[in-house]
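Each value in this text was obtained by applying a stated rule to the coordinates, not by laboratory testing. Just so we're clear, the structure is a prediction, and the values are computed from it rather than from any experiment. With ideal geometry, Cβ positions are generated from the backbone for all residues, glycine too; neighbour counts draw on all protein chains shown.
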Amino acid sequence: MLYIIRHGITDWNIKHKLQGQTDVPLNDEGRAMAEEARSEYRDIRFDICFCSPLIRAKQTAEILLRDRDIPVYYDDRLKEMCFGIYEGVENSFGISDCPVNVFFKTPEKYTDPPAGAESIAELMARTAEFLRERAEPELECGRDVLIVGHGAMNSAIVCNVKQRPLSRFWEEGIDNCRLMRLI
């Protein structure tokens, strides 16, 4: 089985700030969400966990898997999408000409990312490479794999696994601390 889960809430989530690869920790609510997930999913078998190295994902994995003998491996390919100069911007939808908004509204048209930002093609490529090199070999050996990550990165994983077009990128709705079984 292949599972994904998004990190718990951060202060930036509450303020509607673009986090991207900015390393923002969980807040109290986010830690409580991870504790609830730990209780809710305690009976689900995970043999191995791959996790984004960003602190909000690491903290979520640590809480979720506490007292379970499950190895956790950090992989840079599981970081959130980089939004370049727009990371830290609050309420991007209130900025009519913010180019990152295209990614959230019509991802298939996000072809010209702002300075320092990652394209959707780059995100899709790095998550596909991760799946091919790390997750699929584990699954082929019969192991149950958990990926702890982020909204956009997890959506890329979903699209890669389910072979969805970019127009359906946000279709699953990746809620914080909600486990999703993909395979």
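Filter the helices (runs of 4 or more DSSP H) completely within the range 49-141 down to those with at least 2 residues that are within 23 Å of Arg181 (Cβ to Cβ).
55-64, 120-130, 136-140
In the range 152-183, what residues are of a type outside the set (A, V, I, L, M, F, W, C), out of contact with any Lys or Arg (no Cβ under 6 Å at 6 or more places or on another chain) and under 18 Å from Asp75 (Cα atoms)?
Result: Ser155, Asn160.
Within the range 137-177, work out how many residues are within 12 Å of Phe50 (Cα to Cα) and either among the β-branched types (Val, Ile, Thr) or without any contact (Cβ under 8 Å) to a residue 24 or more places away in the chain (or both).
3
Condition first: in contact with a Ser or Thr (Cβ under 9 Å, 6 or more places away or on another chain) and either more than 26 Å from Val89 (Cβ to Cβ) or assigned to a loop (DSSP other than H, G, I, E, B) (or both). Now tell me which residues in the range 6-20 satisfy that.
Of everything in the range 6-20, those that are in contact with a Ser or Thr (Cβ under 9 Å, 6 or more places away or on another chain) and either more than 26 Å from Val89 (Cβ to Cβ) or assigned to a loop (DSSP other than H, G, I, E, B) (or both) turn out to be His7, Gly8, His16, Leu18, Gln19.
I'm trying to understand the selection: among the residues of the range 109-138, which are closer than 16 Å to Arg168 by Cα, surrounded by fewer than 13 Cβ atoms within 10 Å (Cβ to Cβ) and either under 20 Å from the mean Cα position of the chain (by Cα) or of a type in the set (A, V, I, L, M) (or both)?
If the condition is that a residue be closer than 16 Å to Arg168 by Cα, surrounded by fewer than 13 Cβ atoms within 10 Å (Cβ to Cβ) and either under 20 Å from the mean Cα position of the chain (by Cα) or of a type in the set (A, V, I, L, M) (or both), then Ala121 is the only one that fits.
Which of the following residues is surrounded by fewer than 22 Cβ atoms within 10 Å (Cβ to Cβ) and either more than 21 Å from Met81 (Cβ to Cβ) or without any contact (Cβ under 8 Å) to a residue 12 or more places away in the chain (or both): Ile44, Ile55?
Ile44 is the lone residue from the list that is surrounded by fewer than 22 Cβ atoms within 10 Å (Cβ to Cβ) and either more than 21 Å from Met81 (Cβ to Cβ) or without any contact (Cβ under 8 Å) to a residue 12 or more places away in the chain (or both).
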